[in-house]
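Right, one structure below, let's go through it.
Each reported figure results from applying straightforward, stated rules to the coordinates on display, with no laboratory input. Owing to the predicted nature of the structure, the values given are computational and were not obtained by experimental measurement. All Cβ positions, even for glycine, are placed from backbone atoms using ideal geometry, and neighbour counts span all protein chains on display.
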């Protein structure tokens, strides 16, 4: 009887232990699940934050990348225009400039192959001057033969212009010379002619110029379109005076009213200028000296 009671008690105890153990195990498992869930949620949030940061970092990188590309494009454009365009301009000049005594603003080549008089030459010059611009205009007189062009010699130009140049001067003239015009603007707008000649013998050239003074006004009368007082002829003027222009000893011919008709001066030991206007003479001297520098 006692044994049966003991068995029943043991059975109840086992049942009770099993139930309690099961309940405890269930609770423990639930706690573990809750912790796992909490950890998983935390991990998810951390992962999302990392992904957001990564997205922000990628966006920043993309912006920096695009900005860098834009700067490279701008730099390339600037380099192209500063260097390549400049080089193209230098390599393809607008005109083939002929080197001469001074810098000039515009120029023209005049074919004188068929010119036989100073009046025809003057007409050609007048036609060409309307096409040119700037303060100093240069004219180069050429002969065209067999599709070639050659600048005529100074002696040929002086002869074509009707000059009675002394032979003592012609002998020492070099091949370089320039006929040009100085343009006045404003109310006194006009073109002042000038002629630059070059010599290899200063002393002989200076002496020859003093001799040429006797006929220089008549010789340059048509080419330079010199205007005289009414009723006067070029032969009437013979008296020359000394003047200093830009520290250069200059000879000047005045009319009876004190108006200057002709100037000439040696800018250096080789080159001398003949013109009709003081401002033109100053401009030519300045440009010749600047060119030499």
What order do you get for 188, 219 when you list them from fewest to most C-beta neighbours inside 10 Å?
188, 219
Please rank 281, 72, 293, 228, fewest neighbouring Cβ atoms within 10 Å first, as an exposure proxy.
293, 72, 228, 281
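In terms of the Cα gyration tensor, with a ≥ b ≥ c the square roots of its eigenvalues, is the range 151-224 rounded because a/c is under 1.5, prolate because a/b exceeds b/c, or oblate?
Judged from the Cα gyration tensor, the range 151-224 comes out prolate (a/c at least 1.5, a/b above b/c).
According to the square roots a ≥ b ≥ c of the eigenvalues of the Cα gyration tensor, what is the shape class of the range 234-287, taking rounded for a/c under 1.5, prolate for a/b larger than b/c otherwise, and oblate for the remainder?
Taking the square roots of the gyration eigenvalues as a ≥ b ≥ c, the range 234-287 is prolate.
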For a quick check: sort 99, 213 by the number of other beta carbons within 10 angstrom, fewest at the front.
99, 213
Taking the range 94-191, how much of its Cα-Cα pair set, in percent, is spaced more than 22 angstrom apart?
35
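Under the classification rounded if a/c is under 1.5, otherwise prolate if a/b is larger than b/c and oblate if not, where does the range 192-276 fall, given a ≥ b ≥ c as square roots of the Cα gyration tensor eigenvalues?
Prolate.
Viscosity 1.306 mPa s, temperature 10 °C: what is the translational diffusion coefficient of the range 106-292 from Stokes-Einstein with a Kirkwood Rh over Cα pairs, rounded to a whole number of µm²/s?
In µm²/s, the coefficient is 93.
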Could you state the number of Å between the C-alpha centres of the range 98-112 and the range 253-293?
18
